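In what follows, a single structure is set out as structure tokens and then discussed.
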Amino acid sequence: MMSTTSMHGMWSSRLAFIFAATGSAVGLGNIWRFPYTAGESGGGAFVLLYLLCVAAIGVPIMIAEVMLGRRGRQSPINTMRALAVRQGAHPAWQLLGWMGILAGLLILSFYSVIAGWTLAYVFRAGSGQFAGIDGPGSEAIFSALTADPERLLAWHSIFMALVVMIVARGVASGLELAARVLMPALFVLLVIMVIYAAQAGDFGAGLGYLFTPDFDALSAHAGDALLNAMGQAFFSLSLGMGAIMIYGSYLSSQASIGTNVAIIAGIDTLVALLAGLAIFPIVFANGLEPSEGPSLIFLTLPVAFGQMPFGALFGVLFFLLLAFAAWTSAISLLEPVVAYLVENKGFSRVRASLLAGVAVWLLGIACLLSLNEWSGFTLFEMGILDLFDYLTANVLLPLGGILIAVFAGWILDEEVSRTELGASNGAWFYPLWRGLIRWVAPLCVILVFLNAIGLI
Ligand code: PHE
């Protein structure tokens, strides 16, 4: 008999699930990672590929992930094992859950360091340091921060403590109220930044850069740009590592998965595009480089806050709300492993969260040292932080995505997915989803991989 609730708690309503899953999806991935990856991959053509990946791969996989989670009602490891056994398939499907835990720990270790930069910038903005600065001035503030391991460690530790605090209490009761107020506030602030960029920045150049696909620029790094676009879609939608699966396991059996996923993916994509529209006009108006890399928004936005009326106030609010958005994403990165430790090791939530938190904290120290003391240590021309970022988004999450798609499309009984998705016989979306999850999503991921390693 399948359980209709999870031992870890349940969302109080359908809306609570939407807020929580949107909280997971919207974070540094949209506002920090999307603009810098777009800038490194040449702009418009990347954005177009990204949107295609969201629609053809991301949305169907998100539906599958929520569905599997709700069906299993346990941590991703135990959910996958139980669902596989129930279908007469090999219990090794639980490997998907293990891979997800690894990806979650690695992502959170660098995510927390970047969230630390964000917290640090709340104070930089508040103390008026941005007033009247130009590109080089902004660069100096940023390098002073990343060159200082002690400061980075302090902020990383504060952020991880905040994450562990919420996860220890249980996510279903921990963040609900705050997410309802602060997430919409971030959205409003982002819109204000776009309006500011539209009149003070070079809006035409920014718009053209983001939305005029230049496939010649792309062909220079075609494999990379394509892989980056797919990786960004997985990262931004929180897919492929079990975060959305476990959030699905706290969702009531009555809620419509398709509608909810459409809303979550829609908001996530909108926020990324708004972030791009806020940032690139300022990049071009101030002679900054779109291909700056992970520092892009930390170099760009201070220049804007330094020029605009009430810039200090807006700066404080912006970085604070961004840190909050990172917080709601970070807890979803820790939840799968914590649920597993509670289920299989009999730990209390507090003990499980502390243990997982300490592991991430230690890995994070390696990430932050890679920005200064250990900057000479590189693999594939990347430091540890960049390597974790690249490896998780571009490899581990898409691999997890293939497994989810194959399981949901080929292993799980059609009747089960029909029931879970509420598809009566004539429903148009069910055959569409099924075609995407069985063929399009897994094949696209494989083709992108082959393309990236130069085989096609
Ligand atoms: N989607 C989050 C963001 O965009 C990051 C994340 C990735 C969260 C994977 C959970 C799982 O910031």
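Readers should treat all values here as calculations from the given coordinates under stated rules, not as data from a laboratory. The model shown is predicted, which means the values in this text are computed figures rather than measured ones. All Cβ positions, glycine included, derive from the backbone under ideal geometry; neighbour counts span all protein chains shown.
What the table below lists for this structure:
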quantity: Quotient of Cα Rg and 2.2 N^0.38 Å for region 83-167, N being how many residues it contains; calculated: 1.68
quantity: Average Cα contact separation per residue, region 172-281, under 8 Å, 6 or more apart, as relative contact order %; calculated: 63
quantity: For region 354-370, Karplus couplings with θ = phi - 60° (6.51, -1.76, 1.60), whole Hz, Gly/Pro x; calculated: 5, 4, 5, x, 5, 4, 5, 4, 5, 4, x, 4, 4, 4, 6, 5, 5
quantity: Given charges at beta-carbon only (K, R positive; D, E negative), |dipole| of the chain in Debye; calculated: 1660
quantity: Crossing angle, helix 149-169 versus the chain [Cα axis fit, 0-90 degrees, rounded to tens]; calculated: 30
quantity: Ranking of Thr300, Thr419 by count of other Cβ atoms within 10 Å, fewest first; calculated: Thr419, Thr300
quantity: FRET efficiency for Leu379 and Asn425, using Cβ-Cβ distance with R0 set to 35 Å, rounded to 0.05; calculated: 0.10
quantity: Cβ-based charge dipole, region 116-178, positive-most Cα from Gly135, Pro149, Val171; calculated: Val171
quantity: Stretch gain in nm, segment Val181-Glu150, where the contour uses 0.36 nm per residue and the Cα spacing is subtracted; calculated: 7.9 nm
quantity: Cα-based helix-to-principal-axis angle, 176-200 vs the chain, degrees rounded to 10; calculated: 40
quantity: Sites Trp410 and Ala131, calculated FRET efficiency, Cβ-Cβ separation with R0 56 Å, nearest 0.05; calculated: 0.45
quantity: Area projected by the alpha carbon convex hull of region 237-369, averaged over all directions, nm²; calculated: 11.4
quantity: For the chain: relative contact order, % (alpha-carbon pairs under 8 angstrom, 6 or more apart); calculated: 36
quantity: Cα point-scatterer Debye curve for region 274-334, base-10 log of I(q)/I(0) at q = 0.24, 0.29 Å⁻¹; calculated: -1.04, -1.22
quantity: Tail beyond 17 Å, pair distance distribution of region 1-122 (Cα, percent); calculated: 71
quantity: On Cα atoms only, tilt of 44-53 relative to the major axis of the chain in degrees; calculated: 20
quantity: Anisotropy class of region 385-455 from Cα gyration tensor, a/c 1.5 cut; calculated: prolate
quantity: Unit charges at the beta carbon, dipole of region 358-456: most positive-side option, Trp428, Val358, Ile453; calculated: Trp428
quantity: For the chain, average projected area of the Cα convex hull in nm²; calculated: 20.5
quantity: For peptides 228-239, 376-387, sequence by mean Cβ density within 10 Å, most packed first; calculated: 228-239, 376-387
